[in-house]
Amino acid sequence: AFGRNLQLRNTREALRLGEQTLTQRIAEIQSLQAKLQDQASRDPLTGLYNRRFLDTIAAREIARCRRENQHLAVMMIDIDHFKNINDTYGHIVGDQVLQQISRIMKNSIRSSDVLARYGGEEFVIVMPSIDLTNALKKAEGIRQHIESVRFNVDTFGRSIQITISIGVASFPEHGAEYDALVAAADSALYKAKEKGRNRVESP
């Protein structure tokens, strides 16, 4: 009888350990899945959301603002003369500039705003529940902040000034759908570049 009890206890213990291991494995798999999902939605260089994720989330935000009768703004941001930076100082410096600008912008927005790298040196910020006037003020603040920072370009302590151009479009004035808003913000950005860069424009 004693032997059987011991066997039972050992079996139970083995089962308990097996369950623990299984629970641990499941937790590891879930954490890995979450990590992969996060990686799929982020730009590897800057850690910001990527364009695909932005498209999904922006459509959802616009639908919500439509339901709640709220404004929403889309900012299209472009680093001025970025090609010159890459050509003059190399791609490593170019990448560092992108990372630094991403950090500045991330620290300049609200937690409800969505900042994404749209491609190359272009970024988009989707700002729910903000009207055009306040969105333009916000954009101007970001523009001034970046203009005031010196970016290091080499180990000798040399630094350069970098500027950005921003186009701001607002829902519902400039478009009822996300695609229309992006197009409007893009044409406003083009206007900012035409007018000499380092400025904020709306359509």
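Among the residues of segment 132-148, how many are touching a helix residue (DSSP H, G or I) at 6+ places or on another chain (Cβ under 7 Å) and open to solvent by 30 Å² or more (accessible area, probe 1.4 Å)?
2
Checking each residue in segment 156-170 for being farther than 16 Å from Gly94 by Cβ and open to solvent by 10 Å² or more (accessible area, probe 1.4 Å) picks out Phe156, Gly157. Taken across segment 152-165, residues that are basic (Lys, Arg), modelled with pLDDT under 95 and under 28 Å from Asn84 (Cα atoms) do occur, with at least one present. Residues that are under 23 Å from Val149 (Cα atoms) number at least 3 in the following helices (runs of 4 or more DSSP H) confined to segment 47-122: 82-89, 91-108. For segment 171-203, the tally of residues that are aromatic (Phe, Trp, Tyr) and open to solvent by less than 50 Å² (accessible area, probe 1.4 Å) stands at 2.
Residue pairs whose Cβ atoms lie under 7 Å apart, sitting 6 or more positions apart in sequence or on different chains, and linking a residue in segment 173-196 that is outside any loop (DSSP other than H, G, I, E, B) to a partner that is surrounded by fewer than 15 Cβ atoms within 10 Å (Cβ to Cβ), are Tyr178/Ala59. Considering every residue within segment 129-146, establish whether at least one is among the charged types (D, E, K, R), in contact with a Lys or Arg (Cβ under 8 Å, 6 or more places away or on another chain) and touching a residue at least 24 places away in the same chain (Cβ under 8 Å). Yes: one or more hits.
Taken as a whole, the condition of being open to solvent by less than 10 Å² (accessible area, probe 1.4 Å), within 16 Å of Tyr118 (Cβ to Cβ) and among the aliphatic types (A, V, I, L, M) does not apply to Ile62. A single entry from Arg25, Arg64 fulfils the requirement of being of a type outside the set (A, V, I, L, M, F, W, C) and under 30 Å from Glu173 (Cβ atoms): Arg64. Filtering segment 13-56 down to residues that are among the polar types (S, T, N, Q) and open to solvent by 100 Å² or more (accessible area, probe 1.4 Å), which residue is nearest to Met76 (Cα to Cα)? Step by step, filter segment 13-56, then rank; the result is Gln39.
Looking at Asn10, Asn86, Asn5, Asn107 in this structure, which one is free of Cβ contacts under 8 Å to residues at least 60 places away in the same chain, surrounded by 15 or more Cβ atoms within 10 Å (Cβ to Cβ), among the polar types (S, T, N, Q) and at negative phi?
Going through Asn10, Asn86, Asn5, Asn107 in turn, just one is free of Cβ contacts under 8 Å to residues at least 60 places away in the same chain, surrounded by 15 or more Cβ atoms within 10 Å (Cβ to Cβ), among the polar types (S, T, N, Q) and at negative phi: Asn86.
Cβ separations smaller than 6 Å between residues 6+ apart or across chains give the following pairs from segment 157-171 residues that are touching a residue at least 40 places away in the same chain (Cβ under 8 Å) to residues that are β-branched (Val, Ile, Thr) and open to solvent by 10 Å² or more (accessible area, probe 1.4 Å): Ile160/Val153; Ile166/Val200.
In segment 1-52, which residue that is modelled with pLDDT under 85 and within 20 Å of the chain's Cα centre (by Cα) is nearest to Ile92 (Cα to Cα)? Checked segment 1-52; the qualifying residue nearest to Ile92 (Cα to Cα) is Gln39. Residues being small (Gly, Ala, Ser) and under 30 Å from Met127 (Cα atoms) are represented in segment 19-33 by at least one member.
The values are calculated or read from the model by the stated rules, or taken from the named source; none is laboratory data. Owing to the predicted nature of the structure, the values given are computational and were not obtained by experimental measurement. FYI the Cβ positions are ideal-geometry reconstructions off the backbone, even for glycines, and counts take in every protein chain you see. With ligands, DNA and RNA removed, areas are computed over all heavy atoms of the protein, side chains included. Shrake-Rupley method; radii C 1.70, N 1.55, O 1.52, S 1.80 Å.
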